[in-house]
1. Run down GLU3, GLU68, GLU19 and say which single residue is modelled with pLDDT of 95 or more and either of a type in the set (Asp, Glu) or in contact with a His (Cβ under 7 Å, 6 or more places away or on another chain) (or both).
2. Within the stretch 25-51, restricting attention to residues that are modelled with pLDDT under 85 and charged (D, E, K, R), which residue is surrounded by the most Cβ atoms within 10 Å (Cβ to Cβ)?
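The values are calculated or read from the model by the stated rules, or taken from the named source; none is laboratory data. Just so we're clear, the structure is a prediction, and the values are computed from it rather than from any experiment. We place every Cβ from the backbone using ideal geometry, glycine too, and count neighbours over all the protein chains shown.
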Amino acid sequence: MQENAPVYESVDHPRHYNEHPFCECIDVIEHFTYNIGAVIKYLWRAGLKPETSDIEDLRKAAWYLQREIERLEEERS
């Protein structure tokens, strides 16, 4: 590692969760079910997390959304 190189914080307030100026992602997602929170999280950080593509994040969001749709359909049948 280069001396004085910025260290990427991946646990405590990671940069990819703080890119939006009005609040941190966790402040929003904790008010939703797990699946919907995951959808929001992956949309929120799409293309912002180092070494993760925006397409991968969008696919993950779609996966959690489909899982929530299936959960609700089963719950209501």
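1. On the way: GLU3 fails: modelled with pLDDT of 95 or more; GLU19 fails: modelled with pLDDT of 95 or more.
On inspection, the qualifying residue turns out to be GLU68.
2. LYS49
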